[in-house]
Structures are given as structure tokens and as C-alpha cells.
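The next block holds one structure in the form of C-alpha cells; read it before the comments.
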Protein chains: 2
Amino acid sequence: MFKPRINNLRHKLLEEKLDGVLISSVSNISYLTGFTNFSEKEREAYIFIGSDFAYIITDARYSEAVKKQVPHLTLFERSHNKPTKTLFKKHQKEIKQLGIEEDNLTVLEHKSLSKHFKKIKHFDVSGLRSIKNEKEISKIEKACRIGDLAFDYIVKKIRTGVTEKQMAEELENFIRSKGARFSFPPIIAFGKNSSVPHHQTGPSTLFVRSGREGLIILLDFGVKVDNYCSDMTRTVFFGKLTGKQKEIYEVVLAAQQKAVGYINSVLRLRSGSSTRSLKASEVDKVARDYIVSKGYPTIPHSLGHGIGLEVHEHPSLSPKSREILQEGMVFSIEPGIYIPDFGSPRSTRVEAGGVRIEDLFVLKDNGLRQLTNSPKGIISVNI
Amino acid sequence: MFKPRINNLRHKLLEEKLDGVLISSVSNISYLTGFTNFSEKEREAYIFIGSDFAYIITDARYSEAVKKQVPHLTLFERSHNKPTKTLFKKHQKEIKQLGIEEDNLTVLEHKSLSKHFKKIKHFDVSGLRSIKNEKEISKIEKACRIGDLAFDYIVKKIRTGVTEKQMAEELENFIRSKGARFSFPPIIAFGKNSSVPHHQTGPSTLFVRSGREGLIILLDFGVKVDNYCSDMTRTVFFGKLTGKQKEIYEVVLAAQQKAVGYINSVLRLRSGSSTRSLKASEVDKVARDYIVSKGYPTIPHSLGHGIGLEVHEHPSLSPKSREILQEGMVFSIEPGIYIPDFGSPRSTRVEAGGVRIEDLFVLKDNGLRQLTNSPKGIISVNI
């Protein structure tokens, strides 16, 4: 599994006229080795690949494990007596142009590389990860399944007096009981907090509104299992929905369906004579324009993002994206409407609120397959 | 609390002849703002400070919270229409020389900064954090207390058949029940796994050795609470200790005591007429030389490290450290002996094993105060 990935990388290096690459991001190292124990906070390893060498550079803490688990790369055990520069020195002549991950390598690291390599340029290793194989897809699906179970579990735990933080804890306990973890700090947002797309789960308490009108509960969370991530969002209501809430929910849901429908329609055309490419930016536009056409503000974030070893990876489904969606890509479609004055129409209080619906999909040649499967009909929890 | 920190930063800028600084590391942003919600995995914020401005740069997801929680900085809400470069443009003339965190800022970020600022050099913001105030020390102490409780709890859970991973889970459940988290993935190492200083907690199972000889259980874990970290290591034995195990344990413990004793003796001299400075490298040397003098291999890692918002921060107690230990610094002292041929002297099998003892200390003018307080006498768990 990992050798073909290294070969694939070498092909890309040739295409980019690079003689070698230094890979520093933990997720790309994981992808090329299967070794997932390096810290994401401190630099503990690199991969250094040329046309006729392929090293994993790490220190004595990891060398035992790396020797066993990464036999397809040569271990370079760096130490005080044997710093990484001795390896760079050895190969500096044959590498006329070196690729690096500009968005990951630090200025300090670049400085020391510059002593050995004259020409250094960006090389997008992460792009290699955007198309998933069946094994990867089934790992993401496993994470999605646990996410769905967790959603089912947590909806039943909705009750007066619970705080966002408590719900996050309960969700985490459930996910951990399934042998998994959160893939990112979850967003649990009650009421007006839901108007902040990236609300910090906090001490807000769930309460019964006068008239038992619906209070929004936005749940955005993901699961990580076998190193692969899921991500999903559902918006449910505590109490009876107002007309406005229902309308907004339906617009968001329809926006997601429009995006899905658009992708499927292009794929259908292509199964005929069309060779039309599926631009990520156009998918974004379909959902975005629909929401705006209904008189709501545009989505203040991307419509979606790729997912895999990391929660956010290629492709990006956004207005400025230049990516083409391809078979094997796994990504979210997550339209949302966030406005400061809905939720309690009879109240004079100006109150904020947001609705987002997010699912993961894998692109197959015959259409999108949805990987998250929690219900999307309106859920109104009885008070 | 945060304004004095910004002032302190500005003083340092003057000293370094810098007209401004762009701070990118999450822990330094936390330190200067108290806002701890930014992701450690994706870049979500910067602090940009000059002699007469102080911005926090982030996006709409965070602006509500930042406005409330970081009133001492000016919010610059970046967006597609209002990218960060508009802010840089505004200030590029007054900043002749800009400080950055070279060990944190990426090459890509540096590239775009270079368009606005001609002279850019490293500025060590993290150094500001090495001396802790009483509030910070008491937060670290709180984390240490929970760590001590967790150690007491987990020692009682040692039993035949348990795996390293299970013990890590049980430890985590306990720590979470106290409202805290692990400050890093714990190292739980059974038997020969303990010879790898940074062993990956795994499926190894605790078993009763023939002759009921001691099996090493190395526990290295830390707690994070109120954003501050603790870190401790204890090595206990499942079964009866062999003579060699006992000897090694005692050498490691004595090495720690020698380092502590050395620090205290220098402080005593200073309370008299001495103005001798307390070099971190010399403390390392005392423990290291003692272990080597007893015929064991040198410590394959630093003797200790500062701790606070991050598990590893200034000062470093290592042979190459140039740091001077000062009052208010909090750091670990953690000697260890790791060798491949002890643990089972009667067996012909060559078997690896390691012993490490780690505690946190705060340096006061009258001596070191130990913050972790788990027992350090030999613990042999009855089989």
C-alpha cells in the first residue's frame, strides 16, 4: 500500500522537475508510511525522497518502532552527533531543485535547508491524498457510522438545564466507548450561539422558551478512528419550530440537495458524450446562489472540504477553489444560514440563530454516495 | 494581567531594535490574550504589535468571542474582501524591521510578509513565558495535584492481563472525571517497552513473570487544566524487584536528588555573597555525570524542560542549553536509565528495560519547590 504511494510521489516529482522532496507535515508522513505516532505539535520526523533514496528521519525515541513499521523507507536516526545536515550534505549535489511543503515547513527549517540546497520550491504533497482508495473510504465510513450512532445517542440526551459543554462531554464519552475520538473539538451551539459558525462550546444552558418555541441546537462534530476522520452537522430544535425556523431549515436542506443534484447531473452527462469537468467552485456556487435567491445571506464559509487523515484537506468546495472533483474524492457539503434576527418572531428581542446541515460524500463515477446517514428531516425535541 | 504582558513584549522589541512583531504560535497568542480557542492544527489567528498599535487578526468565526474576551487588542477581522495584507500595507512604512517566530511561521507566510517588510528577523516570544507568576504556578500545581491523584488511582488498577492501552484509557477517564485532560499522549510502557524513552502505548499485556520477578511499568503522563500543563513519570514494578532493578531505580532517584541538591546549593551560596548564575546545562551535567559514574549509559534525552501553556517550553535543561535558571521558572527534572540487558538476570533472553523518575519543580529564591508529589520510594505491586 505504501510503496505505490511513494512511487506516485516520485512520478509527481518528475512532473514538477524536482530531484527530491522534504516532507514535514505529519499527515503526509502518515499517508506515506502508515506510522501515525509523531506529534502534531512538535517536529519529530521528516521524509526525504530522491530518485534513488527514500529516508525517514527521526530520533532514537521512534527508531525501534519505525524500523518495524516502516520497512519501505531507510531510517536516518538523527542525534546530536549525527544531525540531519549530514544527510543533506550527502545528497546536496544530486538535488538541483528540492521540493518542500511551504505551508508546513518553518522559516527556521528553511534557513538550514538553504545551506545545502540552492533551489527550493513548493511541492503539494497533500494533493496526493485527495483521491481515496477503497480501504480509506471504508475507514471514513466507519468513522461516519460511529458519528451517526453518536448523533442518535445525543439527541436522546437533550434536556432542560443541560449545558453545551455537558453535551459535548456526553458525546465524547459515547464516541470513546466505541473506541474512537473526536476528530476536532465539537461545536455544540444553543440558541443564538448557533449564529456563529465556529461557536466555542461553552456554559450556555438549554432552557424552555416562553411559548415553548423552538430553541436551536446546532451539533457539528466528527469522529476519528483508524486515523481517518468524519465530520457532520445537524441542527435540531428544542420545542416547537417557528415558521421562520422551518423555512430556513428547508432552504438549507434544499441547498444541500441542489449541490448534490448538480454533481449527479454532471456525472450523468458525462456517462453520455460529455467530457465536462466537475469544478468544485461550481458546486459551491449552486448551493450559495440558491440560498441567496431565497433572500438569505450568503454562506460565510466554504460549501465543503475534503476529509481523510485530516478534517480539512483537498479538495476545497469554495468560490475561489480551482480544484476539479474526481472519483474517489471524499468531501463535505455543508450549507448554512446564519442570521441575527430569527428564532423568536414574537419576541421584540433581536435574536441570532443559525442552521447548518453537513454530510460527507464520496464521488463515484455513477454519482455521489452519502457516507453520513443521520436523519435530515426536521427534529423537534419535545419539551 | 494581559496588558503588562504586552508592555513587557514591547520592551523586548525595543531591546531587539524591532519596530513590530507578528506572533503566530497559538501558545504565545494564548499567553498574550487569555483566549485559548484557536486551533493548534490550522492557522486561525495572529497578533501584530507595533509601538502604537496592537491587533489580533482572526476571522468572522472568532470575532464575537475575541471582541468580548480580548478587549486589550484591536480586532482585525480578515476576510476575502479584507485580507490581512491590507493591514500590513497600512503599517509597512513604520516598521523598518519586523520580528517573527521563525520556528513557527511557515515559509509560505514568510513569503507574503516579505512583500511588505524588507527586514524580518527572529524574535523569541516564547522566552517571555519562562518565568511564571503566582497565578500560573498555582494552575500548574492544580494540574500536578490531579496528576498525583491519577497516579494513586492507576497504581491500584495494575493487574495481570491489562494492556498498556487499557491503562491509558483508565487514566484518561479518571483525569477527565476531574475536569481535566491529558497534556500529551501518555507513555505507558510494560517490561522491555520501558527501554524506549518515548514508547508508543500499545497492546502489550501485563503478565506474571516466572519466579514472580518484577516487570517494569513506566508511566509518563501529564494533565492539562485551565490551559496549564503538568508532566510526571513514575516507574513501578509488577512483582518482586530484582537486585539490578533496585540498583538502577536508586541510581535514577539519586541522580534527580543530586540535580535538586545542586540547584539548592547554588541558591544557598547566592543568599550569601555569591552572584553565581545557575546554568541549566550544569544542572543537566550533575545528574548525567552521576549516572555515567555509576557505570550506566548517559541519559538519551535532556534532563528536563520548562512547562506551562505547553508541555515543552523554556528553559531546556540539556548539555547544549545556554539558559540561566531564574526564580519563577517551572521545569521538570527527569533522569532515566535505559539499557537492553536488565530486568531478568536469571533469564538467558536479552531483555530491555528503563527507569525514569520525573517531577516538576518551581525555582524560588530560597530553593526548589516540588510541584508533583507522588511517592518516589520503590513501588512493587503484589501479584
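Of the listed requirements (1) closer than 20 Å to residue B:367 by Cα; (2) more than 24 Å from the chain's Cα centre (by Cα), residue B:237 misses just one: (1).
Which residue is surrounded by the fewest Cβ atoms within 10 Å (Cβ to Cβ), if the candidates are limited to the range A:25-60 and must be of a type in the set (D, E, K, R) and touching a helix residue (DSSP H, G or I) at 6+ places or on another chain (Cβ under 9 Å)?
Filtering the range A:25-60 for residues of a type in the set (D, E, K, R) gives A:40-44, A:52, A:59.
Remaining after also requiring touching a helix residue (DSSP H, G or I) at 6+ places or on another chain (Cβ under 9 Å): A:40, A:43-44.
Values: A:40: 12, A:43: 17, A:44: 17.
Within the range A:25-60, the match that is surrounded by the fewest Cβ atoms within 10 Å (Cβ to Cβ) is A:40.
Is one or more of the residues making up the range B:79-89 within 14 Å of chain A (Cβ to nearest Cβ), closer than 14 Å to residue B:38 by Cβ and modelled with pLDDT under 95? Looking for residues that are within 14 Å of chain A (Cβ to nearest Cβ), closer than 14 Å to residue B:38 by Cβ and modelled with pLDDT under 95, one finds none in the range B:79-89, hence no. Do we have any residue at all in the range B:115-126 that's assigned to a helix (DSSP H, G or I) and either among the acidic types (Asp, Glu) or under 22 Å from residue B:17 (Cα atoms) (or both)? Checked the range B:115-126: at least one residue is assigned to a helix (DSSP H, G or I) and either among the acidic types (Asp, Glu) or under 22 Å from residue B:17 (Cα atoms) (or both).
Has the range A:5-21 got any residue that is touching a Lys or Arg at 6+ places or on another chain (Cβ under 8 Å), among the acidic types (Asp, Glu) and within 13 Å of chain B (Cβ to nearest Cβ)? Among the residues of the range A:5-21, not one is touching a Lys or Arg at 6+ places or on another chain (Cβ under 8 Å), among the acidic types (Asp, Glu) and within 13 Å of chain B (Cβ to nearest Cβ), which makes the answer no. Scanning the range B:169-192 for residues being touching a Leu at 6+ places or on another chain (Cβ under 9 Å), without any contact (Cβ under 8 Å) to a residue 60 or more places away in the chain and within 12 Å of another protein chain (Cβ to nearest Cβ) gives a total of 2.
Any residue that is more than 13 Å from chain B (Cβ to nearest Cβ), touching a Gly at 6+ places or on another chain (Cβ under 6 Å) and at pLDDT 95 or above - is there at least one of those in the range A:103-119? No, the range A:103-119 has no match at all. On inspection, residue B:245 fails the criterion of being part of a helix (DSSP H, G or I) and at pLDDT 95 or above.
Every condition in (1) closer than 27 Å to residue A:354 by Cβ; (2) away from chain B (no Cβ under 14 Å); (3) in a helix (DSSP H, G or I); (4) of a type in the set (Ser, Thr, Tyr) is met by residue A:265 except one, and the failing one is (1).
Exactly one residue out of B:130, B:126, B:63, B:112 is surrounded by fewer than 15 Cβ atoms within 10 Å (Cβ to Cβ) and not charged (D, E, K, R), and it is B:112. For the range A:221-239, the criterion of a residue being of a type in the set (Phe, Trp, Tyr) and closer than 14 Å to residue A:359 by Cα is satisfied by at least one position.
Say whether the condition of being more than 22 Å from residue B:172 (Cβ to Cβ), among the acidic types (Asp, Glu) and at pLDDT 95 or above is met by at least one residue in the range A:172-180. Checked the range A:172-180: no residue is more than 22 Å from residue B:172 (Cβ to Cβ), among the acidic types (Asp, Glu) and at pLDDT 95 or above.
The condition (being part of a loop (DSSP other than H, G, I, E, B), in the same structural domain as residue A:23 (by TED's automatic domain parsing), of a type in the set (Gly, Ala, Ser) and over 30 Å from residue A:374 (Cα atoms)) is satisfied by just one residue among A:79, A:112: A:79. Of everything in the range A:185-212 that is hydroxyl-bearing (Ser, Thr, Tyr) and surrounded by fewer than 21 Cβ atoms within 10 Å (Cβ to Cβ), the residue that is farthest from residue A:311 (Cα to Cα) is A:210. Counting only residues that are in a helix (DSSP H, G or I) and within 17 Å of residue B:220 (Cβ to Cβ), the range B:141-188 holds 23 of them. Against the criterion of being within 14 Å of chain A (Cβ to nearest Cβ) and not hydrophobic (A, V, I, L, M, F, W, C), residue B:94 does not qualify. For the range A:196-218, residues that are within 14 Å of another protein chain (Cβ to nearest Cβ) and in contact (Cβ under 8 Å) with a residue 60 or more places away in the chain total 3. Would you check if residue A:309 is within 14 Å of chain B (Cβ to nearest Cβ), of a type outside the set (Gly, Ala, Ser) and in contact with a helix residue (DSSP H, G or I) (Cβ under 6 Å, 6 or more places away or on another chain)? Judged against the criteria, residue A:309 is a match.
The rows are residues; the columns are (1) touching a strand residue (DSSP E or B) at 6+ places or on another chain (Cβ under 6 Å); (2) surrounded by 17 or more Cβ atoms within 10 Å (Cβ to Cβ); (3) touching a residue at least 24 places away in the same chain (Cβ under 8 Å); (4) of a type in the set (Phe, Trp, Tyr).
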position	(1), (2), (3), (4)
A:229	no, yes, yes, no
A:235	yes, yes, yes, no
A:244	no, no, yes, no
A:249	yes, yes, yes, yes
A:260	yes, yes, yes, no
A:263	yes, yes, yes, no
A:274	no, no, no, no
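If you go through the range B:60-78 and pick out every residue that is β-branched (Val, Ile, Thr) and within 11 Å of another protein chain (Cβ to nearest Cβ), you end up with 1.
The values are calculated or read from the model by the stated rules, or taken from the named source; none is laboratory data. All of these numbers come straight from a predicted model, not from anything done at the bench. For neighbour counting, all protein chains shown are included, and Cβ atoms are generated from backbone atoms with ideal geometry for every residue, glycine included.
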